[in-house]
1. What does the net charge come to around Ser101 if you take all other residues with beta carbon closer than 15 Å to its beta carbon, with K and R at +1 and D and E at -1?
2. Can you flag which of Lys6/Lys147; Lys6/Lys85; Lys14/Lys160; Lys37/Lys160; Lys14/Lys95; Lys138/Lys172 are past 31 Å Cα-Cα?
3. I want the local charge near Pro29. Using Cβ-Cβ distances under 12 Å, sum +1 for each Lys or Arg and -1 for each Asp or Glu among the other residues.
4. Just to verify a number: what accessible area does Lys84 come out at with the full protein assembly present, 1.4 Å probe, Å² rounded to tens?
5. Please list Lys158, Lys99 in order of solvent-accessible area, largest first, computed with a 1.4 Å probe with all protein chains present.
6. Kindly sort Arg163, Arg136 by accessible area of their heavy atoms, largest first, with the probe set to 1.4 Å.
7. Of Ser145, Val79, Gly161, whose Cα points farthest to the positive end of the dipole of the chain (charges on the beta-carbon: +1 Lys, Arg; -1 Asp, Glu; origin at the Cα centre)?
8. Run the simple label-point estimate for Thr60 and Glu155 please: 7 Å along Cα→C-beta, distance reported in nm.
Amino acid sequence: MSRIGKNPISIPDKVQVQISGDNITAKGPKGELSFVKSELISLEQDGNTLHVKRNSDDRTSRSLHGLTRSLVFNMVNGVSTGYKKVLQIEGVGFKAEMKGSRLFLSLGFSHPIIVLPPDGITFATPNATTVEIEGRDKQLVGEVSFKIRKLRKPEPYKGKGIRYQGEYIRRKAGKSASKK
């Protein structure tokens, strides 16, 4: 039995979950998300808890058991509280600023980089070196933050670039001057 798959999912009071066939829909204060599950997995709603069960014990259904539970849990958590990633910009002259809903990044290139938020994602810049990415879909928040980080990855010599908050960048020693 999957350790993750056997855990029940508790549904907060402000979230409604509807199961119709293979389609699961969660509605909450942050919006609505839906997911189409596999036929090998079944969901049972028991009041304010959801139980994910597998119909057979073959390899495919065992592998989908924990995955389905995690995806449904992320949906329920996303529409109730949402997800947030924080990126930090480090480097001389590197900065981020908001103009409307667009994010303008100055990362040492000859031009500013403009990032448009996809549907369900909001950007915020509390200061010039911090970017907050919020949304209800955990996968989309992670994907957008990865794409922004990829614009200027942190380099190991001076540590300049975009990194996740709390990320450790392993530093290398630079060239040492030869003494004669």
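The values are calculated or read from the model by the stated rules, or taken from the named source; none is laboratory data. Remember, predicted model here, so these are calculated numbers, not experimental data. Don't worry about glycine lacking a Cβ; one is built from the backbone with ideal geometry, like all the others, and counts go over all protein chains shown. Just the protein is used for accessible areas: all its heavy atoms, side chains included, with ligands, DNA and RNA removed. Shrake-Rupley method; radii C 1.70, N 1.55, O 1.52, S 1.80 Å.
1. On the way: positive: Lys99, Arg102; negative: Glu97, Asp119, Glu132, Glu134.
Taking every Cβ under 15 Å from that of Ser101, the sum is -2.
2. Values: Lys6/Lys147 34 Å; Lys6/Lys85 28 Å; Lys14/Lys160 43 Å; Lys37/Lys160 42 Å; Lys14/Lys95 38 Å; Lys138/Lys172 33 Å.
Listed pairs above 31 Å: Lys6/Lys147; Lys14/Lys160; Lys37/Lys160; Lys14/Lys95; Lys138/Lys172.
3. Charge balance in the 12 Å sphere: +2.
4. 110 Å²
5. Working: Lys158 140, Lys99 110 Å².
In descending accessible area the options line up as Lys158, Lys99.
6. Sorted by accessible area, descending: Arg136, Arg163.
7. Gly161
8. 4.9 nm
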